[in-house]
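Following: one structure in structure tokens, then a few remarks.
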2 protein chains.
Amino acid sequence: MRLNDTHDPARRSWVESANSPDSDFPIQNLPFGIFRHGAVPPRGGVAIGDKIVDLAACLAAELFTGDAAEAARACVAPTLNPLMSLPPRFASSLRARLSELLRDDGQERDIVEKQADKLLVAMADCTMEMPSAVGSLTDFLCSIHHSRRMANGQLPDAFHYLPISHHARATSLRVGGTPVIRPNGQYKAPDGTIKFGPEPSLDFELEMAICVGRGNKLGEPIPLTETPEHIFGYCLLNDWSARGIQAWESRPLGPVLGKSFMTSLAPWVVTSEALEPFRTAAQEREKGAPALFPHLLDAADQESGNLDVAMTTSLVTPRMREEKAAPAVIIRSNLRDMYWTFPQMVAHHTSNGCNLQTGDLLGSGTVSGAADDARACLAELTVRGTQPVKLPNGETRGWLQDGDEVILRARAERPGHVAIGFGECRGRVEPAIQWPAR
Amino acid sequence: MRLNDTHDPARRSWVESANSPDSDFPIQNLPFGIFRHGAVPPRGGVAIGDKIVDLAACLAAELFTGDAAEAARACVAPTLNPLMSLPPRFASSLRARLSELLRDDGQERDIVEKQADKLLVAMADCTMEMPSAVGSLTDFLCSIHHSRRMANGQLPDAFHYLPISHHARATSLRVGGTPVIRPNGQYKAPDGTIKFGPEPSLDFELEMAICVGRGNKLGEPIPLTETPEHIFGYCLLNDWSARGIQAWESRPLGPVLGKSFMTSLAPWVVTSEALEPFRTAAQEREKGAPALFPHLLDAADQESGNLDVAMTTSLVTPRMREEKAAPAVIIRSNLRDMYWTFPQMVAHHTSNGCNLQTGDLLGSGTVSGAADDARACLAELTVRGTQPVKLPNGETRGWLQDGDEVILRARAERPGHVAIGFGECRGRVEPAIQWPAR
């Protein structure tokens with residue numbers, strides 16, 4: 001593990017809300033996002049407790065020099081792509097400097113705290129935008145449990161050989177919080193006829209995505225050992241899925257309209273550096289699985305290419321909202337259960353010469369584990385709607401209903417380290433439009 | 001048919017090369033592209049014979065006013081997206097004005113011809129760039145013949161109900177002429193073992209794509225009757241395919257690495273307006289096919305939503321290049337054989353609320369017909385490499401070999417009209433890189 005002072009679990013911030021054990025954003029995290037505050041154009045900031053560090057304001061206050069200043073200048077932009085495209089040492093220098101400025105026993109605490117009104121804005125006063133411009137979104141199928149449950153226990157032939165994936169639609173990505181409109185489409189009704197109308201089996205998928213930092217040129221694969229330098233950070237992803245549309249359209253080319261009505265990306269990007277303390281070993285290969293090809297096998301990746309991140313999905317129904325009930329956690333899984341590591345996904349993705357661009361996303365696929373409550377989409381959790389999940393207020397859900405809100409969360413926790421979170425990826429279901437108009 | 005003076009078959013140009021019956025670019029065509037000439041940044045131009053009209057130079061010479069001027073100003077950019085995003089009347093005004101300036105009996109011929117050295121550049125002195133920035137590339141499977149041949153005579157269940165498609169990779173699109181590097185990847189060898197190495201079954205696919213003009217907002221489907229306003233133009237596409245990689249990776253999510261090593265787009269975009277004289281009826285539904293859903297059925301689309309465009313694929317092998325032999329035409333097909341019209345593809349694509357952006361591409365899929373020489377990829381033409389195609393010099397090809405160059409061409413021809421062409425979409429195969437490095 002490459003740990004440094006920014007990971008020190010003893011470090012606390014003078015931004016008091018960051019020291020709460022429940023905060024997603026302690027001083028050890030410092031994730032990047034694009035925020036909008038007042039009339040100023042959207043720009044990059046860093047989360048600390050319930051505040052956002054306005055990097056443009058910090059630059060104006062001359063708090064940065066060298067690499068940290070260059071990184072901060074790259075953040076004064078409507079996307080994080082300029083920052084992501086820099087070599088990793090730049091974001092790392094900015095992280096180190098911010099940690100120093102924000103710690104409660106820092107030498108410059110007084111200077112900074114005095115200007116806090118200028119340098120920090122309240123999250124509650126901001127709206128968040130898409131963190132990056134995404135050229136391509138590739139969604140993988142990395143959970144062996146999800147794969148088996150979605151195919152009656154069968155694994156695809158290639159599952160043990162390579163991380164299976166498909167191109168998803170980058171241009172219908174929206175930042176978490178954007179409502180999702182129930183799609184219309186063709187699906188097979190229970191009586192076997194094909195109908196066109198509002199999707200009856202609307203689902204979500206709890207996923208984690210990596211944001212590509214520096215890309216590679218077409219024709220120049222990224223060796224597995226170099227992949228970590230190309231992974232800027234991690235972000236929650238909700239791969240909303242219309243199961244009826246998807247089932248009917250998917251042979252032989254895979255899902256398209258079953259997913260292209262919208263995909264939600266969380267606003268905060270947790271950096272690879274912040275996640276260093278939570279590295280863990282790659283999943284063990286199943287008994288009888290073939291040996292990994294050399295370009296997908298590396299000792300360091302096997303030892304620590306995986307991440308220990310607890311992930312949850314919560315639901316708020318319209319009735320719960322009326323009752324002012326807390327969101328009901330219906331799924332608890334962990335990213336470490338993925339059968340392939342993100343570095344392996346990157347190495348495989350580029351092995352044919354395919355280029356990745358700064359800002360591209362690679363999604364894990366549904367992060368499902370072996371346990372019943374680790375079935376990370378409704379198709380799994382409710383066995384395709386036949387065994388509805390029970391909510392605390394007695395309601396049940398086989399599939400999503402109009403007005404339901406889905407909240408994805410994730411949190412890296414390990415004894416001896418301060419837990420860091422990923423914020424939320426929210427989306428509320430709105431009714432289908434009447435289509436086609438008659 | 002909405003024909004106007006620009007379609008007049010009697011019209012000829014003072015640019016003599018445009019009047020040759022073999023020219024792809026007579027005065028009735030006037031396609032748009034992005035060219036690079038000398039040290040000036042790439043910008044928009046219009047093809048006429050063997051020349052390119054430099055729209056920036058025409059603006060400087062004050063040859064345009066009103067909508068035509070606004071369209072020309074939009075072309076002074078490194079992509080055609082600004083032009084494509086305007087309402088169709090702008091490109092149409094520019095076309096009308098250019099036709100007037102370039103015709104041999106125009107009232108302003110003398111003024112323009114005198115400045116020809118400034119206004120026109122020789123195609124031979126230019127390199128062409130990608131015509132547009134492509135946010136998303138969707139590739140369809142619209143040939144019933146291709147579908148059946150690729151699946152042992154079986155059609156996918158949904159084939160008659162909707163135009164099947166998949167998301168392809170927009171960020172590995174390159175302009176025609178860019179070499180294609182044979183990809184490495186996993187494939188099943190004849191003995192049934194899985195190998196990693198250079199793709200043994202490299203193929204191309206002869207396709208046509210539409211370039212989306214104005215887009216639609218997420219959640220707002222485009223009715224079939226309005227789709228023509230969203231189709232800016234048409235462009236040749238080569239969907240290079242690594243058949244071994246594709247076959248092994250494709251279940252259950254479709255092809256990814258079998259195609260993502262590169263996709264070639266031709267440099268010239270033929271406008272919808274230029275193709276008006278070549279409209280033809282939609283393909284008849286097969287006997288017993290289900291009725292079309294209302295959002296995919298419109299009388300005008302059935303009557304004239306299809307296009308009569310002859311398409312060919314030619315091959316040049318390294319030996320042919322040495323022998324200075326002409327490219328060998330190995331495939332002759334026609335776009336009118338597609339089972340779905342482009343308007344139907346757009347209506348289906350957006351029926352779930354999916355947004356299209358200006359510059360997005362929708363590919364037809366392999367344009368194969370019923371005839372043996374209309375099998376528009378090698379997998380079909382050579383029956384998966386088992387019946388190699390014979391070339392004029394006695395060579396044969398089951399799949400592409402290193403050094404082979406593939407040339408796609410297309411031409412709209414109809415009695416009583418001047419034929420217009422799409423230029424070429426070329427690509428030469430380069431050897432695989434040694435990967436992984438040992």
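Filter the range A:107-129 down to residues that are of a type in the set (D, E) and open to solvent by 80 Å² or more (accessible area, probe 1.4 Å), then give me how many there are. Spell out the reasoning first.
Start the filter on the range A:107-129 by keeping residues that are of a type in the set (D, E), which leaves A:108, A:110, A:113, A:117, A:125, A:129.
Now narrow it down to the ones that are open to solvent by 80 Å² or more (accessible area, probe 1.4 Å): A:110, A:117, A:125.
Number of matching residues: 3.
Taking (1) in contact with a strand residue (DSSP E or B) (Cβ under 8 Å, 6 or more places away or on another chain); (2) away from chain A (no Cβ under 14 Å); (3) open to solvent by less than 50 Å² (accessible area, probe 1.4 Å) in turn, B:Y339 satisfies each apart from (1).
Of the residues making up the range B:277-307, those that are in contact with a Phe, Trp or Tyr (Cβ under 9 Å, 6 or more places away or on another chain) and buried (at least 17 other Cβ atoms within 10 Å of the Cβ) number 9. I'd like to check something: does the range B:297-305 contain any residue that is part of a loop (DSSP other than H, G, I, E, B) and within 14 Å of chain A (Cβ to nearest Cβ)? Yes, some residue in the range B:297-305 is part of a loop (DSSP other than H, G, I, E, B) and within 14 Å of chain A (Cβ to nearest Cβ). The sole residue among B:A71, B:A18, B:A56 that is in a helix (DSSP H, G or I), open to solvent by less than 10 Å² (accessible area, probe 1.4 Å) and without any contact (Cβ under 8 Å) to a residue 60 or more places away in the chain is B:A71. The conditions of being more than 20 Å from B:S132 (Cβ to Cβ) and either facing chain A (nearest Cβ under 9 Å) or aliphatic (A, V, I, L, M) (or both) are not met by B:A170. Counting only residues that are in contact (Cβ under 8 Å) with a residue 40 or more places away in the chain, more than 12 Å from every other protein chain (Cβ to nearest Cβ) and either in contact with a His (Cβ under 9 Å, 6 or more places away or on another chain) or surrounded by fewer than 23 Cβ atoms within 10 Å (Cβ to Cβ) (or both), the range B:349-378 holds 10 of them. Among the residues here, A:D104 qualifies as among the charged types (D, E, K, R) and open to solvent by 50 Å² or more (accessible area, probe 1.4 Å).
The residue list B:H160, B:H146 contains one member that is in contact with a Pro (Cβ under 6 Å, 6 or more places away or on another chain), closer than 30 Å to A:D139 by Cα and at pLDDT 95 or above, which is B:H160.
Considering the range B:183-202, and only residues there that are among the hydrophobic types (A, V, I, L, M, F, W, C) and closer than 23 Å to A:E220 by Cβ, the residue that is surrounded by the most Cβ atoms within 10 Å (Cβ to Cβ) turns out to be B:L202. Taking the stated definitions as given, is B:V346 more than 25 Å from B:V46 (Cα to Cα), within 14 Å of chain A (Cβ to nearest Cβ) and among the hydrophobic types (A, V, I, L, M, F, W, C)? Yes: the conditions hold for B:V346.
The residues listed here are A:L3, A:L30; of these, the one that is in a loop (DSSP other than H, G, I, E, B) and either among the basic types (K, R) or closer than 12 Å to A:R95 by Cα (or both) is A:L30. Any residue in the range A:284-299 that is within 20 Å of the chain's Cα centre (by Cα) and of a type in the set (A, V, I, L, M)? For the range A:284-299, residues within 20 Å of the chain's Cα centre (by Cα) and of a type in the set (A, V, I, L, M): absent.
Quick one: in the range A:137-164, of everything that is of a type in the set (S, T, N, Q) and open to solvent by less than 10 Å² (accessible area, probe 1.4 Å), which residue is farthest from B:A247 (Cα to Cα)? This residue is A:S143. All conditions but one from (1) closer than 19 Å to B:V316 by Cα; (2) surrounded by fewer than 15 Cβ atoms within 10 Å (Cβ to Cβ) apply to B:R409; the one that does not is (2).
Could you tell me which residue of the range B:173-185 is farthest from B:E430 (Cα to Cα), considering only residues that are in contact with a Gly (Cβ under 8 Å, 6 or more places away or on another chain) and facing chain A (nearest Cβ under 10 Å)? Out of the qualifying residues, it is B:G185.
State the number of residues belonging to the range B:245-268 that are over 14 Å from B:L408 (Cα atoms) and either buried (at least 24 other Cβ atoms within 10 Å of the Cβ) or more than 14 Å from every other protein chain (Cβ to nearest Cβ) (or both).
First pass over the range B:245-268, keeping only residues over 14 Å from B:L408 (Cα atoms): B:245-262.
Cutting the leftovers down to either buried (at least 24 other Cβ atoms within 10 Å of the Cβ) or more than 14 Å from every other protein chain (Cβ to nearest Cβ) (or both) gives us B:245, B:249, B:254-262.
So the count comes out to 11.
Does the range B:208-226 contain any residue that is in contact with a Pro (Cβ under 7 Å, 6 or more places away or on another chain), small (G, A, S) and away from chain A (no Cβ under 14 Å)? Yes: the range B:208-226 contains one or more residues that are in contact with a Pro (Cβ under 7 Å, 6 or more places away or on another chain), small (G, A, S) and away from chain A (no Cβ under 14 Å).
If a residue has to be touching a residue at least 24 places away in the same chain (Cβ under 8 Å) and either among the polar types (S, T, N, Q) or not in a helix (DSSP H, G or I) (or both) to count, how many in the range A:315-348 make the cut?
Here is the first cut: in the range A:315-348, the ones touching a residue at least 24 places away in the same chain (Cβ under 8 Å) are A:315-321, A:323, A:325, A:327-328, A:330-348.
Pick out the ones that are also either among the polar types (S, T, N, Q) or not in a helix (DSSP H, G or I) (or both) and you get A:315-317, A:323, A:325, A:327-328, A:330-334, A:338-341, A:344.
Residues meeting the conditions: 17.
When residues in the range B:196-207 are screened for being in a loop (DSSP other than H, G, I, E, B) and either within 11 Å of chain A (Cβ to nearest Cβ) or within 22 Å of the chain's Cα centre (by Cα) (or both), 3 of them pass.
Residues in the range B:418-436 that are part of a strand (DSSP E or B) and either of a type outside the set (D, E, K, R) or open to solvent by less than 20 Å² (accessible area, probe 1.4 Å) (or both): B:I420, B:G421, B:F422, B:G423, B:C425, B:G427, B:V429.
Here are some residues: A:L162, A:L137, A:L155, A:L141. Which one is more than 9 Å from every other protein chain (Cβ to nearest Cβ) and of a type in the set (A, V, I, L, M, F, W, C)? So that I can check it myself, show each step before the final result.
Details: A:L162 fails: more than 9 Å from every other protein chain (Cβ to nearest Cβ); A:L137 fails: more than 9 Å from every other protein chain (Cβ to nearest Cβ); A:L141 fails: more than 9 Å from every other protein chain (Cβ to nearest Cβ).
Matching residue, one of A:L162, A:L137, A:L155, A:L141: A:L155.
Could you please find all residues in the range A:21-39 being in contact with a strand residue (DSSP E or B) (Cβ under 6 Å, 6 or more places away or on another chain) and open to solvent by 20 Å² or more (accessible area, probe 1.4 Å)? Those that are in contact with a strand residue (DSSP E or B) (Cβ under 6 Å, 6 or more places away or on another chain) and open to solvent by 20 Å² or more (accessible area, probe 1.4 Å): A:R36, A:H37.
Out of all the residues in the range B:370-413, which are part of a loop (DSSP other than H, G, I, E, B) and within 17 Å of the chain's Cα centre (by Cα)? Working first, answer last.
We begin by selecting, within the range B:370-413, every residue part of a loop (DSSP other than H, G, I, E, B); these are B:370-371, B:375-377, B:382-388, B:391-395, B:398-404, B:413.
Within the range B:370-413, B:A376, B:C377, B:E413 qualify.
The values are calculated or read from the model by the stated rules, or taken from the named source; none is laboratory data. Predicted model only: the values in this text are computed from it and were never measured. Glycine gets a Cβ as well: all are built from the backbone with ideal geometry, and neighbour counts include every protein chain shown. Heavy atoms of the whole protein, side chains included, go into the accessibility calculation; ligands, DNA and RNA do not. Shrake-Rupley method; radii C 1.70, N 1.55, O 1.52, S 1.80 Å.
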